[in-house]
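Participant: Have a look at this one before I ask anything.
Every read-out reported here was derived from the displayed coordinates using simple, explicitly stated rules and does not represent laboratory data. Note that the structure is a prediction, hence the values are computed from the model and not measured.
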Amino acid sequence: WDNADFSRGVGTTYYQEFSTLNTAKPPFVRDVEAKVRRYMRSSYSAAWTLKITWEKAPVYAAQSDTRKTITYQAVLTTDGFRSYILMLYQDRGMQWDYSRLATTNVLIGYT
């Protein structure tokens, strides 16, 4: 795990909230529900979902190199009883030079 650094004006963070209780569900929410059903092997119908995207995030400290970035998302979703998080990474999107990080035992995701 390492820190992103947006202090040099490179990269952007976006978020989008989907409140779907008693409303039609957009394709993105239906896709999240399908992933939860598949991975958890249970029925699931989202009441609320939050998508956060970190786009072209440079590694901390950005003054060293702002050309090598990463794009990833965290998707939080709940049906009011159970809550899940999906961590999504752009395919081949890790551009950070891990050999120059303070720590070299780099992981993508969480444990």
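Participant: If you only keep lysine pairs separated by 8 or more in sequence, or across chains, how many in segment 12-100 come under 23 Å at the Cα atoms?
Facilitator: The result is 4.
Participant: For ASP79, enumerate residues with amide H under 5 Å from its amide H, sequence gap 5+ or separate chain, H modeled in the peptide plane.
Facilitator: Excluding prolines and chain starts, which carry no amide H, the hits are ALA47.
Participant: Can you work out the Karplus-derived ³J(HN,Hα) for every residue in segment 77-85? Use 6.51 cos²θ - 1.76 cosθ + 1.60 with θ = phi - 60°, whole Hz, and x for glycine or proline.
Facilitator: Each residue of segment 77-85 in turn: 8, 8, 9, x, 10, 10, 10, 9, 10 Hz.
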